[in-house]
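Rule-based calculations on the coordinates, nothing more; no lab input. Values in this document were obtained by computation on a predicted structure and should not be read as measured data. Positions of Cβ are backbone-derived with ideal geometry, glycine not excepted, and every protein chain shown enters the neighbour counts.
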Amino acid sequence: MSGKPVLCKLSIVLLAVSALTSCNGRRAASARIAPAPAPLVAAVPKFNADSAMSYLAAQCAFGPRVPNTRAHADCAAWLAAQFDRMGIRNLTQGFETVTFDNTKLQCYNIIGSINPDCEKRIIVCSHWDSRPWADQDPDPANRNVPVMAANDGASGVSVILELARLMQQQPPQIGVDLIFLDAEDWGPGDNYKGRHKEEYWGLGTQYWANRARKDNYNARYAILLDMVGGKGARFPQEQYSVHYAKNTVDKVWSTAQRLGYGSLFPTVQGMYVTDDHTFINRIAGIPAIDIVPCVPAQDGEASFGPTWHTVSDDFEHIDPKVIEAVGNILADVIYNERP
């Protein structure tokens, strides 16, 4: 469904004052040209954390959104319906893929486009699927239970949906593609005996990135949101992001500092994380960063917080203040982007 048309570039109107004619019919010696007014800079709308939390709760109400389940299919339809309800042009990429354990999945990438006719574009994305087993849970009895994925999936989606609502009401000056990526989290756990490969993860992103490359789609940069609502979260600078898209890392983290969120976004080195942005960088060739709460653990491995891949990744462990901070930072970045 198409959104209302929006002009992507501000027009600059020159007010020319006609040559003045004197009472006896003589023209003035020269015409006076008023200076061109500076382009108006739209105020950045305030991100509504309560609205974002309602989107998060709605996703959790479906239950774990594990591919090949009714909850997953119903949530996919709901996500597309949110874009429809807002009047945002959207596309659902339906595709089949095969996982590391040879499970065939029916998957859906859902893409909404703000200012779809704008040539200059950026991407904000998140995976929306749930992990099929809580293999990091401290209780062995829970390790085959699906994860609710309130943080690891739904939090990023909730931020994007609220940004979509704001942008449809007050369009930015550029095009923004909002992408919900599927099948990110069906990767092997610690007990998998086979050789680990990066491509076992981010299956929906690999499908999207290959299509984008074939279609010659491009964007200035992409921002991936992953686990952006956990209590006690901190977001150091993920190192693949720094390697591929340092300018965008600097843009986002300096915005966080300016807005007073420096404690949440410390300008310190994080870990290297294989995530959806890995394939956006390598396959689509679009500079992409990952906002992810990844810090070194005592054993040198990555730590994503105490609820990661456990049954405790539920609504009760979400902090709306973290959601609000990430949303305000992203809104400021988007509305300060120029054609």
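For the reader, a short list of remarks on this structure follows.
- Using the Karplus relation 6.51 cos²θ - 1.76 cosθ + 1.60 with θ = phi - 60°, the per-residue 3J(HN,Hα) values for the range 105-116 come to 10, 9, 10, 9, 9, 10, 10, x, 10, 8, 6, x Hz, with x marking Gly and Pro.
- Which of A81, A71, N109, positive extreme of dipole for the range 55-116 (C-beta unit charges): A81
- Mean separation of Cα contacts under 8 Å (6+ apart) over length of the range 209-292, as relative contact order %: 51 percent
- Among beta bridges identified by DSSP and lying wholly in the range 44-179, the antiparallel ones come to about 75 percent.
- Segment F95..D117, full-extension length gain: 5.3 nm, with 0.36 nm per residue of separation and the alpha-carbon distance subtracted.
- Counting all C-alpha pairs of the range 222-272, share separated by more than 17 Å (%): 31 percent
- Estimated distance in nm for a label pair at R213 and W78, the labels positioned 7 Å out from Cα along Cα-to-Cβ: 3.4 nm
- Cα Rg, Dmax (largest Cα-Cα span) when computed across the range 186-260, Å: 16.0, 46
- Kirkwood radius and radius of gyration were both taken over the C-alpha atoms of the range 70-137, and their ratio Rg/Rh is 1.05.
- Out-of-range pairs (alpha-carbon distance over 20 Å; input K46/K120; K46/K246; K104/K197; K120/K251): K46/K120; K46/K246
- Once backbone amide H atoms are built at 1.01 Å from N, R89 has G3, S113 as its partners under 5 Å, excluding neighbours fewer than 5 places away on the same chain.
- For the range 135-208, the equivalent ellipsoid built from the Cα gyration tensor has semi-axes of 33, 17, 7 Å, listed from largest to smallest.
- Measuring nothing but alpha carbons in the range 246-339 and taking Rh as the Kirkwood radius, the Rg to Rh ratio lands at 0.98.
- With q set to 0.21, 0.24, 0.25 Å⁻¹, the log10 of I(q)/I(0) for the range 39-112, from the Debye formula over equal scatterers at the Cα positions, is -1.03, -1.17, -1.20.
- Our coupling estimate for the range 279-288, obtained by passing each phi through the Karplus curve with A = 6.51, B = -1.76, C = 1.60 and θ = phi - 60°, is 7, 5, 5, 7, 9, 7, x, 9, x, 9 Hz, Gly and Pro reported as x.
- From the C-alpha gyration tensor of the range 202-306, square roots of 5λ in Å: 25, 16, 11
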